[in-house]
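Quick notes on the structure that follows.
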């Protein structure tokens, strides 16, 4: 009775706010990252096969897709007969999933979180389990799945932002009322989930993104990648990953100043959105630095000496961190919440980041406590942090060792999430 009331309250709220969200939805469908897949979004995905235990794994974009993939791989390892549908909301996330879908039986778009599309969608897929990854709490999807006999869980749940704001808390509370189990990343996430009504249904399993991290490249692999990126010469290398507007200027100032102190210093600067590559290139040229985009390295003079490389293709950053002597992770000076601090750690690279890391708050704290990295607030602190690491080889080695140890001891969350899903599928 309570779930039915919450379901109708949520949908009445959606209806009353439709003059606000409908134009935004159409704009994103035409010009934004919701292009394509509208047959599925309106409730008509391919039908799920009969005779196999079926799970629908629901994600939003690249980050959640990367978190979902190791869970799916572990699930297939313990229950190979399981049928796995992976739903991805954004176009960028969908492209990432297409490149990595070896363990996925069907790559789908999710339904709009409206009653009719959700009902039609679930009636065709007929999952036994619906797995929501990280923060994707969609009330209609969760509550309708329960009414159609599916069991719902949140895998690698992250609730740092969910706890902010009355509206987000209300939506999360409605969705969590239909969730049978929350597998949270941290104790902090577990406490927020419990405050939103999930008491007695929460377990801390860790952050699945530690399981997505690439294994460290060998010395030979790193050297080959340096040559491939046009970074020959033996000087120190700084990699700034997933940067946002305002952060490139900070990095450009730091690189320009440190080039005077460290002979042969080069930088790789990867903006969060590759379509900003030309803009980023211009920022560094404005500081008197020679810049070349990744896709143009073989055009107009191989072996051309450059100060800065701008990767302008998707999916390279996790591997590119391996060439770094020290890394800066973006979205952290800009008020975005931070991007993956785990990727450079996995390559044994000391990592610097800004104060806005609420998406990785516990990882950031562990990095600082273990001595694997440090927080910097502006260009001056970034210069000082980079200088400190690059000028002290013994310190850099200690930080690298600590980085690898953090990753080693935090692996295993994907197996725990997959085990819970497999248990439910076997129970029928």
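The values are calculated or read from the model by the stated rules, or taken from the named source; none is laboratory data. Small disclaimer: the values here were computed from a predicted structure and weren't measured. Ideal geometry is used to build each Cβ from the backbone, glycine not excepted, and the neighbour counts take in all protein chains shown.
For the reader, a short list of remarks on this structure follows.
- Note on the stretch 259-277: among residues that are touching a residue at least 12 places away in the same chain (Cβ under 8 Å) and out of contact with any strand residue (DSSP E or B) (no Cβ under 8 Å at 6 or more places or on another chain), the one that is surrounded by the fewest Cβ atoms within 10 Å (Cβ to Cβ) is 263.
- Single match in 79, 12 (criterion: surrounded by fewer than 18 Cβ atoms within 10 Å (Cβ to Cβ) and more than 22 Å from the chain's Cα centre (by Cα)): 12
- Of all residues making up the stretch 188-219, the number that are without any contact (Cβ under 8 Å) to a residue 40 or more places away in the chain and under 17 Å from residue 360 (Cβ atoms): 4
- Scoring residue 318 on the criteria (1) more than 20 Å from residue 216 (Cα to Cα); (2) in a helix (DSSP H, G or I); (3) touching a helix residue (DSSP H, G or I) at 6+ places or on another chain (Cβ under 9 Å) leaves a single failure, condition (1).
- For residue 46: the one exception among (1) farther than 20 Å from residue 93 by Cα; (2) at pLDDT 90 or above; (3) surrounded by fewer than 22 Cβ atoms within 10 Å (Cβ to Cβ): (1)
- Filter pass, residue 40 being touching a helix residue (DSSP H, G or I) at 6+ places or on another chain (Cβ under 9 Å), part of a helix (DSSP H, G or I), under 30 Å from residue 274 (Cα atoms) and at pLDDT below 90: no
- Restricted to strands (runs of 3 or more DSSP E) entirely inside the stretch 57-137, no element has at least 2 residues that are at pLDDT 90 or above and out of contact with any strand residue (DSSP E or B) (no Cβ under 9 Å at 6 or more places or on another chain).
- Subset of the stretch 198-224 [touching a helix residue (DSSP H, G or I) at 6+ places or on another chain (Cβ under 6 Å), at pLDDT 90 or above and surrounded by fewer than 20 Cβ atoms within 10 Å (Cβ to Cβ)]: 204, 217, 222
- In the stretch 330-349, the residues that are within 15 Å of the chain's Cα centre (by Cα), assigned to a loop (DSSP other than H, G, I, E, B) and crowded, with 18+ Cβ neighbours inside 10 Å: 330, 331, 332, 336, 338, 339, 340, 341
- For the residues 327, 394, 418, the requirement of being buried (at least 21 other Cβ atoms within 10 Å of the Cβ) and assigned to a helix (DSSP H, G or I) singles out 418.
- Failed condition for residue 315, given (1) at pLDDT below 95; (2) within 17 Å of residue 376 (Cα to Cα): (2)
- So residue 361, is it modelled with pLDDT of 95 or more and either assigned by TED's automatic domain parsing to the domain that holds residue 239 or part of a strand (DSSP E or B) (or both): no
- There is at least one residue in the stretch 401-420 that is over 23 Å from the mean Cα position of the chain (by Cα) and either in contact (Cβ under 8 Å) with a residue 12 or more places away in the chain or not assigned by TED's automatic domain parsing to the domain that holds residue 153 (or both).
- Identity of the residue in the stretch 369-388, free of Cβ contacts under 8 Å to residues at least 24 places away in the same chain and in a helix (DSSP H, G or I), that ends up farthest from residue 403 (Cα to Cα): 380
- Inclusion of residue 352 among residues that are crowded, with 16+ Cβ neighbours inside 10 Å, at negative phi and assigned to a strand (DSSP E or B) is warranted.
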